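Inspection log for the structure reproduced underneath, given as structure tokens.
Every number here is computed from the coordinates shown, using simple stated rules; none is lab data. In this text, all values refer to a predicted model and were calculated from it rather than measured experimentally. Cβ placement follows ideal geometry from the backbone for every residue including glycine, while neighbour counts extend to all protein chains displayed.
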Amino acid sequence: MNDNLRPSAPRVRSRVAVPIEPPMLKPSLIPYDVIQELEREAKQLKLRAEALEGREARTAPQPVPDDVPIFSEVPADREVALLALSQVAMFKDLPRASLQTMVEGAMQLEVPDGEMLFTEGEDAASFFVVVDGTLEIVREKEGRQVALRHVSRTEAIGLFGLFSAQIRAASARAIGDSIVLEISGTKLQALLERNDVLHNRVLQFFRERLLEALMSTKLFSDIDSIARARLIGRFKNRDLAAGEALLNPGEVSNLIAVVTHGKVILEERSKMGGQPKQFEATTGQFLAVTCAMSGLPSKMRIFTPEFATVSVLTHKDLNELLRDYPVLRTLPAKLAEAARQLDRDVFCGSTGVPGL
């Protein structure tokens with residue numbers, strides 16, 4: 001957060017002319033011309049063997065670097081692609097003409113068990129629909145892999161990276177042999193600009209993935225995937241008008257909020273008439289308030305200078321989750337290590353999404 005809150009080329013051994021001494025003839029019962037003929041035949045056999053060995057070496061399959069995906073890729077059957085896309089929840093009820101536009105140029109990929117479809121940090125210019133099989137979505141966090149979820153038939157993956165600086169925010173690995181469709185992101189973007197229903201669905205998807213990214217940080221490493229899913233389910237989307245406050249000085253509250261659009265200002269109350277110090281949290285960043293855990297009132301004002309949207313875990317919902325998952329009471333200590341502490345009980349940090 002800011003205050004404005006690939007194998008090396010094979011070696012080639014050169015063939016150097018070496019002086020050869022003339023052969024010394026030894027007494028033999030075999031006529032000399034027969035010996036010469038036998039030597040010529042032996043030499044020819046050796047040359048043929050060397051030539052054959054060289055040809056086999058040139059045509060042998062070369063090892064594939066570890067970072068190159070091993071899967072087949074062919075143009076997708078149009079009707080198969082249309083059917084698969086129409087079964088994805090986000091694209092249900094869309095006009096057939098819109099779906100036809102999206103599947104133009106779509107490719108079908110067969111991903112073997114254990115292979116990566118894509119990896120975190122790669123450029124993202126397309127998304128995928130699972131036709132058969134299952135893939136696991138994982139993120140690398142501080143030397144450990146965090147499994148976020150499994151996706152299977154009728155589900156789409158890789159969408160989030162299209163809207164976060166076009167960088168893959170996680171990795172996708174096949175669990176068993178899988179088949180997916182790859183669809184251009186530019187075609188989806190063009191459709192979003194003229195379809196409000198799809199636009200709202202993608203916006204909700206984006207918010208959910210930001211929350212998922214937050215839950216994969218070490219702040220919540222002590223709770224299992226079921227608990228993390230419950231946490232995500234308790235966040236509420238909230239539109240904030242210009243000047244609207246999330247927290248005012250003197251309030252005693254717990255809350256966690258993720259900025260999904262625009263920015264939020266965290267303002268430290270001025271002292272002795274001085275100018276208040278301000279910090280800024282923008283899209284992809286989160287803020288946390290733990291005043292109620294310490295029992296002391298807030299000294300900061302948190303508000304939006306212009307229209308913004310956030311996903312908020314309110315005081316009431318967080319308190320209910322604290323009863324079910326007491327380990328969450330260690331959150332203030334973890335926040336002090338993993339986020340920037342702006343005040344005694346106010347913290348701000350990043351969800352860790354590449355490009356945000």
note = Non-local residues with an amide H under 5 Å from the amide H of H261, with H modelled 1.01 Å from N and Pro and chain starts lacking one, are T309
query = Between segment 285-356 and segment 119-172, what's the alpha-carbon centroid distance in Å?
reply = 27
query = For segment 218-350, what relative contact order do you get, as a whole percent, if you take Cα pairs closer than 8 Å and at least 6 residues apart?
reply = 34
request  = Mind listing the long-range amide H neighbours of L247? Cut-off is under 5 Å, sequence gap 5 or more, other chains count too, H placed in the peptide plane at 1.01 Å from N.
outcome  = I302
key: Size of electric dipole in segment 136-236: Cβ of Lys, Arg +1 and of Asp, Glu -1, about Cα centre, debye, nearest 20   = 280
Label-point separation in nm, H150 to D113, each point 7 Å along Cα→Cβ = 1.4
note = Charge tally for neighbours of V264 with beta carbon under 13 Å away, counting Lys, Arg as +1 and Asp, Glu as -1, is -2
note = Shape descriptors of segment 208-305 over alpha-carbon atoms, Rg and Dmax in angstrom, are 14.8, 48
ask   = When N is the residue count of segment 72-194, what does its C-alpha Rg come to as a fraction of 2.2 N^0.38 Å?
value = 1.02
task = Would you kindly state how much longer the chain becomes between D343 and K218 on full extension, computed as 0.36 nm times their sequence separation minus their alpha carbon distance, in nm to one decimal?
result = 42.9 nm
remark   = Sequence order, segment 241-258: Karplus ³J(HN,Hα) from phi using 6.51 cos²θ - 1.76 cosθ + 1.60, θ = phi - 60°, Hz rounded, Gly and Pro as x, gives 6, 4, x, 6, 9, 8, 8, 10, x, x, 7, 10, 8, 10, 6, 10, 9, 10
